[in-house]
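Worksheet: one structure, shown below.
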Amino acid sequence: MIKKGYIKDNRSFNVPYIPGENYTFYINFDKPISDPDFADFVLQIRRGDELVVDNAATLQRHFIRNISYNIYCEFIFPAIPEGCYQFVIYDKVKQIEKCRSNSIECTNDPFGVLAKVEYRNKSDLYEFQYESNVFHNIFSLPIFQVDLQFETDRKQYRNVSDRRIRNLRSFRDKVITAELYWLDDDAHEAASAMFMHSDIKFNGTYYEPKGAYEIETVVLLNIAKGRIELYVAATGSTLNVLVWSQDGFNIVSQNGFNMIQIR
Amino acid sequence: MQLNKNNFLRWEGSFNEASFTAEAVNDDLQTDTKVKEVTLQPLANDISTYGIDYSTFEITQQVNTDKPASWNPINGNLTIFLPEGVQPGVLNLRYRWEDLNQNLSNEATIAVTVIARATGWRVHPPSFVCVMEGGVRTGYSRYNSLQRYYLDDSTTVSPLETKGNDAGDPDYVAPVLDHANCPVTEYVSHNLSFSPDGYESACQMLFPASSYYTSKDQPYLTYGVTLASNQALTLPAADGWYGNLAQAFRVASGTIIEVRQCNFIP
């Protein structure tokens with residue numbers, strides 16, 4: 001891999017966690033593992049070699065093929081002092097560390113910069129085996145809406161008899177521009193992968209990517225903003241409802257932003 | 001070692017692997033030069049702890065590059081197409097696979113032994129002849145030569161191979177009695193009348209040509225004698241015969257006989 005030049009600030013992105021919040025993670029191993037000692041594994045939170053939480057959550061196996069599996073976890077982040085830590089999967093019998101995550105940051109989010117992110121896909125994606133389970137990735141990410149626009153697609157005609165404009169078809173989308181703050185390359189890769197998922201929810205609202213995920217690189221920094229345009233989609237899988245009005249049938253999304261009018 | 005990517009939580013470390021076997025076992029099969037393709041299930045005897053992922057079957061060495069072997073991941077059948085004009089010998093195909101845990105197997109060899117088709121010798125029809133003795137048919141037929149043929153489908157080997165059908169040859173085919181195709185030359189073997197008065201009168205036709213005959217093996221009456229053309233036959237005075245003379249005339253040697261009774265005046 002080509003080395004990055006001009007880096008003066010080598011900070012990396014720490015995955016933020018808020019104590020008391022529920023989270024999940026799924027280790028999408030490049031190749032599912034078959035370690036027979038899974039029953040002895042515990043999830044620890046460590047600061048370097050210092051053990052902070054010994055049994056932070058129950059690890060679970062998602063069997064992929066025969067006895068090979070991925071590991072996932074649903075947990076409430078424990079109340080520990082703010083700071084940087086790492087998740088560690090530890091074999092408590094053999095007393096060896098099996099693997100360690102990148103840096104995570106315990107924060108109480110005093111400025112409210114974090115949004116709760118849930119995403120999954122309808123089919124297997126990036127080694128996430130979604131088809132055979134109902135797992136949702138749940139994280140907190142520093143993401144903000146920085147712009148709002150409306151896109152409309154309308155076909156009209158003027159009625160000869162009363163000279164009024166009539167809509168043959170009218171469709172409106174709410175499009176936001178969202179920015180993710182100070183992600184390193186690996187985190188940008190994860191964000192890019194996240195926006196490839198079919199079901200993405202920020203703070204309970206579904207969004208659908210409109211365009212590509214873009215990185216606003218600053219050559220002196222190891223971290224950068226990420227930017228993407230998102231459609232604000234209807235909540236849940238029932239995207240639209242059918243409404244009768246005096247102008248005909250209207251297919252209106254549940255959030256009221258999209259409309260198809262059929263006369 | 002980095003364990004994953006495309007994830008906000010990235011993990012590094014290593015895990016143990018459960019012990020497993022992913023062994024592709026060699027196969028041997030035999031066919032002959034007539035066969036164009038052979039089908040087998042190469043994975044049937046292979047060994048896998050996790051089970052074989054049939055979709056990962058990979059041929060690393062083909063037998064026939066012009067027409068590569070065909071793999072059916074549904075039923076596990078592998079069809080190997082033999083090269084055009086294949087000669088006796090051994091052809092090797094090599095393959096491997098991944099198990100359901102993505103463990104790669106060793107490479108196994110399928111040895112296809114091609115053998116020559118079994119052949120034998122049989123009579124060569126164009127060499128059919130009737131067995132003759134003294135210029136006349138004996139009732140037997142034989143073949144002067146033999147041809148090589150395939151035992152599996154009785155077709156003649158091409159190009160034609162022949163050899164003499166000689167007594168003493170292990171493939172010798174002896175003559176057979178064959179009245180249908182080689183009737184014996186007619187013999188005089190009928191009751192000749194005679195005149196006790198003993199002087200010759202005008203001969204009269206007793207039997208038309210080819211009316212009566214039999215073989216040496218099945219004499220019609222007492223006598224079965226081969227006559228040469230225009231040979232006079234004197235029947236001995238035996239078996240109630242009285243030494244009367246009959247004359248028989250062979251009109252065409254060995255084939256048609258006229259028998260006349262001639263009365264003699266003693």
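Model label sites at A:THR177 and A:GLN149, defined 7 Å from Cα along the beta-carbon direction, differ in position by 0.8 nm.
Normalising the average separation of contacting C-alpha pairs (under 8 angstrom, six or more residues apart) by the number of residues puts the relative contact order of chain A at 18 percent. Once the Cα-Cα distance is subtracted from the 0.36 nm per residue extended length, the A:MET196 to A:ARG169 segment shows a gain of 6.8 nm.
What ratio of Cα Rg to 2.2 N^0.38 Å holds for the range A:112-215? Numbers along the way, then the final one.
Numbers: Rg = 18.9 Å, N = 104, 2.2 N^0.38 = 12.8 Å.
Taking N as the residue count of the range A:112-215, the ratio is 1.47.
Take B:172-181, B:99-108 and order them by the average number of nearby Cβ atoms within 10 Å per residue, most first; the result is B:99-108, B:172-181.
Note on A:CYS73, B:CYS182: ascending count of other Cβ atoms within 10 Å places them as A:CYS73, B:CYS182, the fewest first.
Take each residue of peptide A:120-127, count the partner chain Cβ atoms within 10 Å of its Cβ, and average: the result is 1. Per-residue ellipticity at 222 nm, computed for chain A from helices alone with -39500 (n - 2.57) per DSSP H run of at least four residues, works out to -1000 deg cm²/dmol. Geometric descriptor of the range A:16-163, per residue, is 179 Å³ (volume of the convex hull of the Cα atoms). Peptides B:85-96, A:190-201 ranked from most to least packed give A:190-201, B:85-96, packing being the mean of other C-beta atoms within 10 angstrom over each peptide's residues.
Just want the ordering: A:ARG154, A:ARG65, from fewest to most Cβ atoms lying within 10 Å of their own Cβ. Before the final figure, lay out each step's value.
Working: A:ARG154 13, A:ARG65 16.
The order, fewest Cβ neighbours first, is A:ARG154, A:ARG65.
Can you tell me which lysines have their Cα less than 26 Å from the Cα of A:LYS155? Leave out same-chain residues fewer than eight positions away. Leaving aside lysines fewer than 8 places away in the same chain, those within reach of A:LYS155 are A:LYS174, A:LYS210. Using a cut-off of 22 Å between Cα atoms, the listed pairs B:LYS36/B:LYS67; A:LYS116/A:LYS225; A:LYS92/B:LYS5; A:LYS4/A:LYS225 include A:LYS92/B:LYS5 as exceeding that distance.
Projecting the alpha carbon convex hull of chain A along each direction and taking the average yields 19.0 nm². Inter-chain neighbour count for A:180-190: the average number of beta-carbon atoms from partner chains within 10 Å of each residue's beta-carbon is 2. Normalised by the number of residues in the range A:113-185, the mean separation of alpha-carbon contacts (under 8 Å, six or more apart) gives a relative contact order of 29 percent.
Estimated at 0.36 nm per residue, the fully extended path between A:CYS84 and A:GLN156 surpasses their Cα-Cα distance by 20.2 nm. Between the helical axis of A:185-194 and the longest alpha-carbon principal axis of chain A there is an angle of about 50 degrees. Normalised by the number of residues in the range A:148-237, the mean separation of alpha-carbon contacts (under 8 Å, six or more apart) gives a relative contact order of 29 percent.
Every number in this text was worked out from the coordinates using simple rules, so none of it is lab data. Predicted, not measured: the structure shown is a model, and the values here were computed from it. All Cβ positions, glycine included, derive from the backbone under ideal geometry; neighbour counts span all protein chains shown.
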